[in-house]
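Chemist: The structure's right below; bear with me while I get my questions together.
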Amino acid sequence: MRETQAIIERVRRISPDLQQIDLSTDASLSQLQPGQSLFAHVLENTQYTPYLREQWYPIAVGAARVVVELPPRQRYHPGQVVSVLTPVGRPLPMRTGARHVLLIVHDTPPTPLILLAHQLIAAEVAVTLVLSGNALRYPLELLPPQIEIIHGDTGWAWPEQVQTLGWADQVIALAPPYAQFETYGALYETIGQLRAGAIPDGFALGLFDQPLACGTGACQACQVACHGGDMLACVDGPAIDLKRVRFR
Ligand code: FES
């Protein structure tokens, strides 16, 4: 992880819940992979100076340019300088040869999975995105039209659940921090019931996206209880193989 600076070039409100910010960045940030994020702190022209940095997920990465998506609790302006530590976390561990990927998002914006969805579509991988609860407030017109969108219900069930879990080569779930253990545990149990044989390593991932204190593995505040030793959401995640997670 290294520190660099970015400059806010443009701010757009894309929904009542989200804003997108274009950042002019160091060229090294073009190496960011889906799942990795920026640990950001605005340096100038702001009255808002939180002690802790904020985690910003990129939704698009280009040459010396990164677009992030954030809730609108803070107003940003072109010209503001941002200190960023990057990268936070590991790239999402995708299974080799996966041709059908199922993304499931409940009650939180799908932002941490948007960059992945774009890259999968560009690689001609079939993507199905199940959205439920507050995730349905996301402006769906901004997503690639090739993505199949399914509206789920509040109980982590959705139409054609058996078929979609059956054909998927990989499943990646995203829930808000308060619901992660409960919902990922139930999802993993459902997958186990529907699929014959053992669930392969890396088949079902859960994103442990949560507020981070240090973001560097130093404070241990983001521990996820796992078989074989606890993991840290900030340096081992955000995606953790649900096969490893100790749900009980
Ligand atoms: S946020 Fe400090 S160890 Fe993860």
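Chemist: Helix 180-194 against the longest principal axis of the chain: what's the angle in degrees, Cα atoms only, rounded to the nearest 10?
Modeler: 30
Chemist: Any idea what angle helix 111-122 forms with the longest principal axis of the chain, computed on alpha-carbon atoms, 0 to 90 degrees, nearest 10?
Modeler: 70
Chemist: Could I ask something else about it? Do any GluC sites (Glu not before Pro) in the stretch 21-101 lie in a DSSP loop with no more than 16 other beta carbon atoms within 10 Å, and if so, which?
Modeler: Here the GluC sites (Glu not before Pro) that fit, given the DSSP loop and packing criteria, are Glu44.
Chemist: Comparing Arg195, Arg53, Arg90, which has the greatest mean-square fluctuation in the GNM of the chain with Cα pairs linked when under 10 Å apart?
Modeler: Evaluated over the chain, the most mobile residue of the options is Arg195.
Chemist: How far, in nm, would the chain grow between Gln33 and Ala221 when pulled straight, counting 0.36 nm per residue and subtracting the alpha carbon separation?
Modeler: Fully extending the segment from Gln33 to Ala221 adds 65.3 nm.
Chemist: Follow-up. Give me the extension gain from Arg2 to Ile150: residue separation times 0.36 nm, minus the current Cα-Cα distance, reported in nm with one decimal.
Modeler: Length difference between fully extended and current span is 49.4 nm.
Chemist: Follow-up question, since we're still on this one. Please work out whether the stretch 59-155 counts as rounded, prolate or oblate from its C-alpha gyration tensor, where a ≥ b ≥ c are the square roots of the eigenvalues and a/c under 1.5 means rounded, while otherwise a/b larger than b/c means prolate and anything else oblate?
Modeler: oblate
Chemist: In terms of the Cα gyration tensor, with a ≥ b ≥ c the square roots of its eigenvalues, is the stretch 129-173 rounded because a/c is under 1.5, prolate because a/b exceeds b/c, or oblate?
Modeler: oblate
Chemist: Enter the Cα centre distance for the pair the stretch 58-116 and the stretch 120-154, rounded to the nearest angstrom.
Modeler: Spelled out, the Cα-based centre of one part sits 15 Å from the other.
Chemist: Pull out a ≥ b ≥ c, the square roots of the eigenvalues of the alpha-carbon gyration tensor of the chain, then state rounded if a/c is under 1.5, prolate if not and a/b is larger than b/c, and oblate in the remaining case.
Modeler: Taking the square roots of the gyration eigenvalues as a ≥ b ≥ c, the chain is prolate.
Chemist: Another question, if that's okay. Relative contact order for the stretch 2-88: what percent, with Cα pairs under 8 Å and sequence separation of 6 or more?
Modeler: It rounds to 44 percent for the stretch 2-88.
Chemist: May I ask you to order 100-106, 73-79 by the average number of other C-beta atoms within 10 Å around their residues, highest value first?
Modeler: Sorting 100-106, 73-79 by mean packing, highest first, produces 100-106, 73-79.
Chemist: At 222 nm, what value in deg cm²/dmol follows for the chain if DSSP H runs of at least 4 each add -39500 (n - 2.57) and the sum is divided by all its residues, to the nearest 500?
Modeler: Per the formula, -4000 deg cm²/dmol.
Chemist: Collect residues whose amide H, placed 1.01 Å from N in the peptide plane, falls under 5 Å from the amide H of Leu92; neighbours closer than 5 in sequence don't count.
Modeler: The list, which skips near neighbours in sequence, is Gly35, Gln36.
Chemist: Let me ask you something else. Under 5 Å between amide hydrogens, which residues at least 5 positions from Ile150 or on another chain qualify, with H placed 1.01 Å from N in the peptide plane?
Modeler: Long-range HN contacts for Ile150: Leu129, Val130, Leu131.
Just so you know, all these numbers are worked out from the coordinates, no wet-lab data involved. This structure is a prediction, so every number in the text was calculated from the model and none was measured. With ideal geometry, Cβ positions are generated from the backbone for all residues, glycine too; neighbour counts draw on all protein chains shown.
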